[in-house]
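Engineer: Pasting a structure below so you can have a look.
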Amino acid sequence: MNIGISKHVICSVVLAFPGLVEAADKPNIVVFLTDDQGYGDLGCYGSDSLETPNIDRLCRQGMMFTDFYVHQRCSPTRLAFMTGSHAHRAGCTKVIYNRDRIGIHSDEVTTPELLKTAGYTTGIVGKWHLGEWDAFNPTRHGFDFFHGFMIDLDQGTGIYRNLERIESIKRKTDGQHSPKLLDAAVGFIKQNKEHPFFLYCASPLPHTPWIPNERFRGTSRRGTYGDVIREIDWQVGELMKVLDEQGIAENTLFIFASDNGPVLGIDGGDAGPLRDGKWTDFEGGIRVPCIMRWPGTIAPGSTNRQITGIIDLLPTFCAIAGVAAPGDRVIDGRNILPYLRGEQVEKPIHESFIVPGSVIRHGKWKLLVRELKPGGKSGREGKRPSAPAGSLFNLQDDPGETRDVSADHPEIVADLRRRMDAAVRELEANSRPIGRLPGAPVPETKNNVKKRIKH
Ligand SMILES: [Ca+2]
């Protein structure tokens with residue numbers, strides 16, 4: 001660890017923070033994060049073939065974010081959520097597999113750890129993907145309750161309840177398990193309704209293989225993928241219903257988002273107007289749907305078009321809970337509560353979104369500092385073009401990144417290059433390591449190697 005203060009010291013500071021309010025006054029927080037759902041994979045984001053009535057209702061009751069950024073694949077986005085920092089800063093930009101001896105570092109101060117200092121009960125249901133090993137288990141990193149799996153349902157070593165593996169998984173069974181995960185989430189809400197809670201529902205859907213539960217097979221107009229999207233929508237609707245039934249919907253911030261762009265191909269996901277999908281830093285890979293509902297604070301039917309991202313959830317939750325975000329390290333996220341409240345802000349909370357060494361968006365401009373190749377590994381995506389290093393796009397006029405205008409705006413290119421260079425230098429000076437377990441035994445890895453290609 002290249003910082004000098006342990007998280008235990010930070011937590012002590014947080015506990016002494018004078019702005020704490022009584023826990024009972026604080027809102028519950030539910031985050032429903034889907035896996036590989038594209039920008040165009042929701043009715044409220046413009047799909048004319050996928051049916052998402054419950055999520056569309058959530059959108060009408062809350063705020064739709066048009067420019068919400070994540071990383072291009074699973075583990076980095078989840079690391080960014082837990083640390084409030086870009087995955088590059090928190091030490092890992094790759095997908096973590098269950099043969100790897102890495103995972104979230106014990107010195108990271110995580111979103112649930114911070115909320116716990118404010119009196120929250122914390123739970124995660126579903127996909128963790130920040131390390132298979134016991135030391136990386138969510139209950140070691142701030143969660144009071146864990147029901148789910150470490151990597152993916154088709155790659156993991158089983159279903160866990162806290163530190164205990166309670167069920168083996170021998171085949172691809174998303175549709176069989178996802179209702180059980182929903183049951184665990186509903187149980188957590190009912191059990192903790194009297195006090196503020198943070199529930200992170202990390203859905204295994206619509207990640208490949210697309211295996212909807214039986215009740216959803218053949219129910220959509222978009223084949224198996226559409227059936228899976230319907231199942232997601234049903235789950236969100238069930239969570240909305242239980243919040244209503246328990247009388248706590250009004251005091252709950254409910255967030256729906258995806259962890260990265262869609263897997264493209266025949267009958268696959270859809271990035272809507274954005275270019276490409278998962279595994280790329282084109283907008284289709286890193287910009288995802290995000291909806292936030294919080295009755296009484298967020299105006300129904302509102303839209304936010306500023307640069308925001310999953311890194312902002314940690315500092316925003318800290319502001320909501322009345323605790324200080326870690327001050328001994330660089331946190332890339334910002335408190336976007338002013339956006340949620342509909343306040344007028346003098347200038348955007350984020351002027352840029354940067355993937356170090358790859359792309360920088362500043363305002364409406366996006367510069368590629370290296371060549372971007374199309375995403376995907378399955379070969380089903382068809383032939384799509386690359387974009388050369390130095391390409392400049394005007395996202396306001398050209399959200400699909402189709403027209404390189406770098407020749408018309410050399411001054412913009414130079415300015416964005418300078419900003420990228422400065423960001424990379426700062427990152428190199430203030431990055432943190434991923435957790436490592438040298439000498440740890442290799443966990444069960446049956447049938448994993450061939451399936452890695454699905455990531
Ligand atoms: Ca994913």
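Engineer: Based on this model, can you work out whether Pro196 counts as farther than 24 Å from Gln176 by Cβ and touching a Phe, Trp or Tyr at 6+ places or on another chain (Cβ under 7 Å)? Reasoning before the result, please.
Structural biologist: Numbers: farther than 24 Å from Gln176 by Cβ: yes; touching a Phe, Trp or Tyr at 6+ places or on another chain (Cβ under 7 Å): yes.
The answer is yes for Pro196.
Engineer: Go through segment 388-425 and report how many residues are closer than 18 Å to Val330 by Cα and without any contact (Cβ under 8 Å) to a residue 24 or more places away in the chain.
Structural biologist: Residues in segment 388-425 being closer than 18 Å to Val330 by Cα and without any contact (Cβ under 8 Å) to a residue 24 or more places away in the chain: 3 in total.
Engineer: Residues of segment 246-261 being away from the ligand (no atom under 15 Å from the Cβ) and in a loop (DSSP other than H, G, I, E, B), which ones?
Structural biologist: Hits for segment 246-261 are Gln246, Gly247, Ile248.
Engineer: The conditions are (1) among the hydrophobic types (A, V, I, L, M, F, W, C); (2) within 16 Å of the ligand (Cβ to nearest atom); (3) in contact with a Gly (Cβ under 6 Å, 6 or more places away or on another chain), and Ile286 fails exactly one of them. Which is it?
Structural biologist: (3)
Engineer: If I filter segment 214-226 for residues that are closer than 25 Å to Asp48 by Cβ and within 22 Å of the chain's Cα centre (by Cα), do I get at least one hit?
Structural biologist: Going residue by residue through segment 214-226, those that are closer than 25 Å to Asp48 by Cβ are 215-226.
Filter again for within 22 Å of the chain's Cα centre (by Cα), leaving 225-226.
Within segment 214-226 (the criterion being closer than 25 Å to Asp48 by Cβ and within 22 Å of the chain's Cα centre (by Cα)), the answer is yes, since at least one residue qualifies.
Engineer: Checking Ile159 against (1) in contact with a His (Cβ under 8 Å, 6 or more places away or on another chain); (2) in contact (Cβ under 8 Å) with a residue 24 or more places away in the chain, which single condition isn't satisfied?
Structural biologist: Here Ile159 meets the rest and fails (2).
Engineer: Taking the conditions exactly as written (within 16 Å of the ligand (Cβ to nearest atom), open to solvent by less than 10 Å² (accessible area, probe 1.4 Å) and part of a loop (DSSP other than H, G, I, E, B)), does His129 satisfy them or not?
Structural biologist: On the way: within 16 Å of the ligand (Cβ to nearest atom): yes; open to solvent by less than 10 Å² (accessible area, probe 1.4 Å): yes; part of a loop (DSSP other than H, G, I, E, B): yes.
The answer is yes for His129.
Table: residues versus (1) under 22 Å from the mean Cα position of the chain (by Cα); (2) under 30 Å from Thr252 (Cβ atoms); (3) open to solvent by 40 Å² or more (accessible area, probe 1.4 Å); (4) modelled with pLDDT under 95.
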position	(1), (2), (3), (4)
Glu371	no, no, yes, no
Pro399	yes, no, yes, no
Arg403	no, no, yes, no
Glu411	no, no, yes, no
Met420	no, no, no, no
Pro441	no, no, yes, yes
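Engineer: Which one of Glu132, Glu51, Glu108 is charged (D, E, K, R), more than 23 Å from Ile434 (Cβ to Cβ) and touching a residue at least 60 places away in the same chain (Cβ under 8 Å)?
Structural biologist: Glu51
Engineer: Would you list the strands (runs of 3 or more DSSP E) that sit entirely within segment 159-245 and hold 2 or more residues that are open to solvent by less than 40 Å² (accessible area, probe 1.4 Å) and on the phi < 0 side of the Ramachandran plot?
Structural biologist: Strands (runs of 3 or more DSSP E) meeting the threshold: 159-161, 197-202.
Engineer: Also: If a residue has to be closer than 24 Å to Gly38 by Cα, of a type in the set (A, V, I, L, M) and touching a strand residue (DSSP E or B) at 6+ places or on another chain (Cβ under 6 Å) to count, how many in segment 173-204 make the cut?
Structural biologist: Keep residues of segment 173-204 that are closer than 24 Å to Gly38 by Cα, which gives 173-179, 181-182, 185, 199-204.
Next, only the ones that are of a type in the set (A, V, I, L, M) stay: 181-182, 185, 199, 202.
Subsequent filtering for residues that are touching a strand residue (DSSP E or B) at 6+ places or on another chain (Cβ under 6 Å) retains 181, 185, 199, 202.
Final tally of qualifying residues: 4.
Engineer: Follow-up. For segment 144-158, what are the residues that are surrounded by fewer than 19 Cβ atoms within 10 Å (Cβ to Cβ) and either part of a helix (DSSP H, G or I) or modelled with pLDDT of 90 or more (or both)?
Structural biologist: Passing the criteria: only Asp144.
Engineer: Let me ask you something else. With respect to the numbered conditions (1) over 20 Å from Thr93 (Cα atoms); (2) open to solvent by 10 Å² or more (accessible area, probe 1.4 Å), which one is the sole condition not fulfilled by Phe254?
Structural biologist: The failed condition is (2).
Engineer: Sticking with this one: With a cut-off of at least 1 residues that are within 14 Å of the ligand (Cβ to nearest atom) and surrounded by 22 or more Cβ atoms within 10 Å (Cβ to Cβ), name the helices (runs of 4 or more DSSP H) lying wholly within segment 27-125. Outline the logic, then answer.
Structural biologist: Working: elements: 53-61, 74-83, 87-90, 111-117.
Of the helices (runs of 4 or more DSSP H) lying wholly inside segment 27-125, those with at least 1 residues that are within 14 Å of the ligand (Cβ to nearest atom) and surrounded by 22 or more Cβ atoms within 10 Å (Cβ to Cβ) span 74-83, 87-90.
The values are calculated or read from the model by the stated rules, or taken from the named source; none is laboratory data. Computed from a predicted structure; not experimentally measured. Positions of Cβ are generated from backbone atoms using ideal geometry, with glycine treated the same way; all protein chains shown enter the neighbour counts. Just so you know, the surface numbers come from the protein's heavy atoms only, side chains and all, with ligands and any DNA or RNA stripped out. Shrake-Rupley method; radii C 1.70, N 1.55, O 1.52, S 1.80 Å.
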